[in-house]
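In what follows, a structure is listed as structure tokens, so that the remarks can point back to it.
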Amino acid sequence: MPYRHAHYFVGVVLLVIVGGFWASYFSQVGGAMPLAFHVHAISSMTWLALLIAQHVTIQRRGNALHKQMGKASFVLFPFLILGFVMIINVSAARFAAQESPFIVYAGPSFGIGMTIAIAAYLTLFYQALKHRRNVKLHAGYMLATPMILFESPFSRMMEQMFPWMNVIGSEGPQAVFDTIAISNALMIGLALALYLRDRKHGAPWLTAIFFMALQSVMMWFAPSMPVFGTLFTAYATIPEALTLATGIALGVAAAWFGWEAGKAPAKAPPAPA
């Protein structure tokens, strides 16, 4: 099977999430915090746990269990997208309320970054289902999803524990986007290595590279482009029920259309005698 040791990589991403969000989330779980944080944390970590379980079962020839867990992803995936949308909504509300100088400066960038992450997940999951009959492509698209998650927790770890890694060295709040760009660059390097290892089945890694590079560029330059602040303010006026329903619908659509696209072609009827 391809990517024999990939579950260790996914496990590392899971540990990075715990480390990166320990101070701001995990150590504060008993306190009052927005529901969005809990939904995003639970859905993201459950997604990674599912990837680990699926990878281990297929490596051990547990094909039936692997398929059952794959069906469970149809329920989990819309929940994952819902978590992303809820985080965008919290950021938009805080930006519209001008909660702090930092959120006024960085809010639109975070909104753009999460939107690109959603687009990446929708694309990767759709492609994984569409190519589920091609083991290497299916595995590649599924295993590319943790790369999209990596920048958020690792950028926090870099800021708190490894400030020397920020070789860009921007001043003030812009330094946050330095760490995000560098975190994405690490995953882009890994994705590029995987692509060069097997170019024939390298489309998943090129897809991940595109979205991570786009996210880095857009988030870094957004604070200097007022139009994004105007758009984020407009987004904050949309009823939350509508944005949440849209997120769930997008997740369901990616699963449905991906599944339909991956069905075996219908057999041609036998020729008449």
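Cβ-Cβ contacts under 9 Å between residues 6 or more apart (or on different chains), taken from a first residue in the range 243-260 that is under 12 Å from Ser73 (Cβ atoms) and open to solvent by 40 Å² or more (accessible area, probe 1.4 Å) to a second residue that is outside any helix (DSSP H, G or I) and charged (D, E, K, R), are listed as Trp259/Arg132.
Every test in (1) touching a residue at least 40 places away in the same chain (Cβ under 8 Å); (2) crowded, with 19+ Cβ neighbours inside 10 Å; (3) more than 16 Å from the chain's Cα centre (by Cα) is passed by Ile182 save one, and that test is (1). Condition first: assigned to a helix (DSSP H, G or I), closer than 25 Å to Phe74 by Cα and under 13 Å from the mean Cα position of the chain (by Cα). Can you find one or more residues in the range 186-199 that meet it? Within the range 186-199 (the criterion being assigned to a helix (DSSP H, G or I), closer than 25 Å to Phe74 by Cα and under 13 Å from the mean Cα position of the chain (by Cα)), the answer is no, since none of the residues qualifies.
Among the residues of the range 124-133, is any over 22 Å from the mean Cα position of the chain (by Cα), under 29 Å from Ala6 (Cβ atoms) and open to solvent by 20 Å² or more (accessible area, probe 1.4 Å)? Looking through the range 124-133, at least one residue is over 22 Å from the mean Cα position of the chain (by Cα), under 29 Å from Ala6 (Cβ atoms) and open to solvent by 20 Å² or more (accessible area, probe 1.4 Å).
Restricted to the range 153-178, and to residues there that are of a type in the set (Val, Ile, Thr) and outside any helix (DSSP H, G or I), the residue that is most open to solvent (accessible area, probe 1.4 Å) is Val167. If you take the residues in the range 42-76 that are under 14 Å from the mean Cα position of the chain (by Cα) and in contact (Cβ under 8 Å) with a residue 40 or more places away in the chain, which one is farthest from Lys136 (Cα to Cα)? Result: Ile42. Only one of (1) in contact (Cβ under 8 Å) with a residue 60 or more places away in the chain; (2) out of contact with any helix residue (DSSP H, G or I) (no Cβ under 9 Å at 6 or more places or on another chain) is not met by Ala203, so which one is it? Only one criterion in (1) in contact (Cβ under 8 Å) with a residue 60 or more places away in the chain; (2) out of contact with any helix residue (DSSP H, G or I) (no Cβ under 9 Å at 6 or more places or on another chain) is unmet by Ala203, namely (2).
Would you please name the residue that is modelled with the lowest pLDDT, looking only at residues in the range 66-82 that are surrounded by 15 or more Cβ atoms within 10 Å (Cβ to Cβ) and hydrophobic (A, V, I, L, M, F, W, C)?
Looking at residues that are surrounded by 15 or more Cβ atoms within 10 Å (Cβ to Cβ) and hydrophobic (A, V, I, L, M, F, W, C), I get Met69.
Filtering the range 23-52 to residues that are modelled with pLDDT of 90 or more and open to solvent by 30 Å² or more (accessible area, probe 1.4 Å) leaves Leu35, Phe37, His38, His40, Ile42, Met45, Thr46, Ala49, Ile52.
Condition test on Gly247, is it within 30 Å of Arg4 (Cα to Cα) and of a type in the set (Gly, Ala, Ser)? Against the criterion (within 30 Å of Arg4 (Cα to Cα) and of a type in the set (Gly, Ala, Ser)), Gly247 does not qualify.
Among the residues of the range 90-107, those that are more than 18 Å from the chain's Cα centre (by Cα) and open to solvent by less than 30 Å² (accessible area, probe 1.4 Å) comprise Ala92, Phe95, Ile103, Ala106, Gly107.
Inspect the range 86-108 for any residue being modelled with pLDDT of 90 or more, in contact with a helix residue (DSSP H, G or I) (Cβ under 6 Å, 6 or more places away or on another chain) and not in a helix (DSSP H, G or I) and give the result as yes or no. Yes: the range 86-108 contains one or more residues that are modelled with pLDDT of 90 or more, in contact with a helix residue (DSSP H, G or I) (Cβ under 6 Å, 6 or more places away or on another chain) and not in a helix (DSSP H, G or I). Would you check if Ala64 is assigned to a helix (DSSP H, G or I) and either of a type in the set (Lys, Arg) or farther than 24 Å from Val12 by Cα (or both)? Criteria met by Ala64.
The values are calculated or read from the model by the stated rules, or taken from the named source; none is laboratory data. Everything quoted here is computed from the prediction, not taken from an experiment. Ideal geometry is used to build each Cβ from the backbone, glycine not excepted, and the neighbour counts take in all protein chains shown. Keep in mind that these areas ignore ligands, DNA and RNA; they rest on the heavy atoms of the full protein, side chains included. Shrake-Rupley method; radii C 1.70, N 1.55, O 1.52, S 1.80 Å.
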